[in-house]
Amino acid sequence: MAKATVTFADIGVTVTVPAGTRIIEISEKVGAGITYGCREGDCGTCIMKVVEGWDNLTEPSVLEGKVLRDNYAGKHHRLACQAQVLGGDIAVKPA
Amino acid sequence: MSPKAVEHAIADRRPIEISPRVHWIGALDPDIRTFDVILKTANGTSYNAYVVRGSEGVAIVDTVKEEFADDFFARLEAVAAYDEIRAIVINHLEPDHTGALPELMQRAPQARLYISFQAQLMLKALLKRENLEFTPVDTGDRIDLGDRSLEFLHTPYLHWPDTQCTYLREEEILFSGDVFGCHFCDPRLFNDTCGDFRFSFEYYYAHIMRPFREYVLRALALIEPLPLQVIAPAHGPILRDRPTAYVGRYRELAAPRLKREIFPGEKTLLIFYISSYGNTARMAEAIYAAAQEIEGVRASLYDLTGGETNSFADLLEEADGLVLGSPTINGDAVKPIWDLLSSLTVIDMKGKLGAAFGSFGWSGEAVRMIEDRLRGLKLRVPLQGVRVKLIPTPEEIEECRQFGRALGEELMGRRANRVIDMSELLSSNA
Ligand SMILES: Cc1cc2nc3c(=O)[nH]c(=O)nc-3n(C[C@H](O)[C@H](O)[C@H](O)COP(=O)(O)O)c2cc1C
Ligand code: FES
Ligand SMILES: [Fe+2]
Ligand SMILES: [Fe+2]
């Protein structure tokens, strides 16, 4: 299976993960500062900043795009409960 | 209007003049004692709604709880005809302010509904109506009523995602929604003529606004520059006497309280424990002493049996990290720990460092349960807590010391970068 790495920049932890992993599946376990509310792409609590490897995540859905806009999220922000790793290296931190 | 005249007019279901163009058309609810499950009120509350008349049309700001709709419509009809209404502004979708909205929209079908853009997703779930037409608004948007106009301030999370304030610039009146409100029912209606409501004002802030302190500060940045003659909130007295004093009070309440006592660069770690035979207490002391050795860490140790849970909330609001120690009793952490954790719902703990530890006899569920709860409260829990079977050995005390040092380093952001495989994460959390 294709491997990828996700670095949580706020705590300096890098995790090697299989493609398809969602950020939410690992960020809490490593204790990164990204936090969650609804866990299903509705509330915007989990907005994170993608500092590296933006293209290595799945495209945001229409609904995710709306939640991001409603929360004034910047260009390189995503919902950690939605974004899935495609491959390569990614670095994220709390928004 | 004298206070007595106001009282009589309210009893007669008449509107109350705030200025020649602005009237109160809300309702009093003197009998309610519990609000939103979590709030108490000793003398009821009010649902404030307002009418603004411009040379080119009338706007309604908020409505009332459904059971008080008759009061609202009677007062409204005394100042405006339904076909004059051009705009309906809802500052907050909660049913105490939208109860009469569906009926109002029927009676004034030509009126446009203005809500915060963050209200859109909730509107349908709340009003149970399809194809509702509305205009979503944001800071800077405004409605023109001829010689009067309404401007919107996007003030989310005070206390719902959709909350906003509406400003009538020509008269310097801020319709602030739940912000600056309180559950206090007084038929004299205005802050300079009603009874002493300071307690209610503070209590409302502490329970409704305090969890959103960061958002309070952002809202104040929008509100403070505005000239203010009157603050017209959605509950409690209308603040026409020294309205800016209430803005100032919010600023004080939202400002960090202990920051002055902490040196720059220092971080605070609070360790709370409870212990029946002293085993968890010994662990706590070891963690405390070791964390304290890390430069920049200001650690404090508290035995939960010696304090009132509520008085710890102020400390926790300012702290950078929270560590909880509990024995496992009947398969659970003990009640004072849960009480402390449930008191955290009124303060903003998002992203703070959290950790747990404890002694146990045979099953030891408490530590992992506390860690899960800390995550649920949006703290980050990077280090798996130490669990010790019964009396800690010298080796186990050393393990606690290592845990304390690691927590201190984590707090100061000095932990070395690590690379781990996802499979390790999955297995280590068993
Ligand atoms: C003070 C207060 C705080 C609330 N906080 C949240 C919240 O954090 N998240 C959420 O999803 N809903 C929140 N709500 C919305 C309620 O869950 C919602 O209104 C629900 O429908 C109430 O259900 P009930 O009628 O059974 O009380 C809050 C409501 C109030 C009154
Ligand atoms: S947790 Fe609610 S949007 Fe991700
Ligand atoms: Fe409310
Ligand atoms: Fe309200």
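Being surrounded by fewer than 15 Cβ atoms within 10 Å (Cβ to Cβ) and at pLDDT 90 or above is the requirement here; does A:E25 meet it?
Judged against the criteria, A:E25 is not a match.
Could you run through segment A:1-28 and say how many residues are part of a loop (DSSP other than H, G, I, E, B) and within 20 Å of B:G351 (Cα to Cα)?
Qualifying residue count, segment A:1-28: 4.
Do you know which residues across segment B:201-226 are within 16 Å of ligand 1 (Cβ to nearest atom) and either in contact with a helix residue (DSSP H, G or I) (Cβ under 6 Å, 6 or more places away or on another chain) or more than 21 Å from B:D138 (Cα to Cα) (or both)?
The answer is B:Y203, B:Y204, B:Y205, B:A206, B:H207, B:I208, B:M209, B:R210, B:P211, B:R213, B:V216.
State yes or no: is B:E214 assigned to a helix (DSSP H, G or I), surrounded by fewer than 15 Cβ atoms within 10 Å (Cβ to Cβ) and either of a type in the set (S, T, Y) or modelled with pLDDT of 95 or more (or both)?
No: the conditions fail for B:E214.
Being assigned to a loop (DSSP other than H, G, I, E, B), more than 16 Å from ligand 2 (Cβ to nearest atom) and away from chain A (no Cβ under 14 Å) narrows it down to one residue among B:S276, B:S300, B:S311; which is it?
B:S276
What residue, of B:I271, B:I287, B:I294, is buried (at least 20 other Cβ atoms within 10 Å of the Cβ) and either touching a His at 6+ places or on another chain (Cβ under 6 Å) or farther than 22 Å from B:E371 by Cα (or both)?
B:I294
Across segment B:20-72, which residue is nearest to the other protein chains (Cβ to nearest Cβ) among those that are more than 16 Å from ligand 3 (Cβ to nearest atom) and of a type in the set (K, R)?
B:R33
Only residues that are modelled with pLDDT of 95 or more and of a type in the set (S, T, Y): list them for segment B:286-307, please.
B:Y288, B:S300, B:Y302
Can you find even one residue in segment A:46-59 that is at pLDDT 90 or above, more than 24 Å from B:L121 (Cα to Cα) and within 11 Å of chain B (Cβ to nearest Cβ)?
No, the conditions are met nowhere in segment A:46-59.
What pairs come up if the first residue lies in segment B:221-248 and is free of Cβ contacts under 8 Å to residues at least 60 places away in the same chain, the second is assigned to a loop (DSSP other than H, G, I, E, B) and within 16 Å of ligand 3 (Cβ to nearest atom), and their beta carbons are under 6 Å apart, counting only those six or more places apart or on different chains?
Here the result reads B:I231/B:F180, each pair linking segment B:221-248 to a residue that is assigned to a loop (DSSP other than H, G, I, E, B) and within 16 Å of ligand 3 (Cβ to nearest atom).
Would you pick out the residues in segment A:4-22 that are more than 9 Å from chain B (Cβ to nearest Cβ), surrounded by fewer than 21 Cβ atoms within 10 Å (Cβ to Cβ) and not aliphatic (A, V, I, L, M)?
A:G20, A:R22
Of the residues that make up segment B:347-362, is at least one within 30 Å of B:A255 (Cβ to Cβ) and away from chain A (no Cβ under 14 Å)?
Within segment B:347-362, one or more residues are within 30 Å of B:A255 (Cβ to Cβ) and away from chain A (no Cβ under 14 Å).
When you check A:R69 against the structure, is it of a type in the set (D, E, K, R) and either closer than 22 Å to A:A19 by Cβ or touching a Pro at 6+ places or on another chain (Cβ under 6 Å) (or both), yes or no?
No: the conditions fail for A:R69.
Would you confirm, using the coordinates I've provided, whether B:R75 is part of a strand (DSSP E or B), away from ligand 3 (no atom under 16 Å from the Cβ) and of a type in the set (D, E, K, R)?
Considered against the rule, which asks whether it is part of a strand (DSSP E or B), away from ligand 3 (no atom under 16 Å from the Cβ) and of a type in the set (D, E, K, R), B:R75 comes out as no.
The values are calculated or read from the model by the stated rules, or taken from the named source; none is laboratory data. Since the structure is predicted, the reported quantities are computational estimates derived from the model, not experimental observations. Cβ: placed from backbone, ideal geometry, glycine included. Neighbour counts: every protein chain shown.
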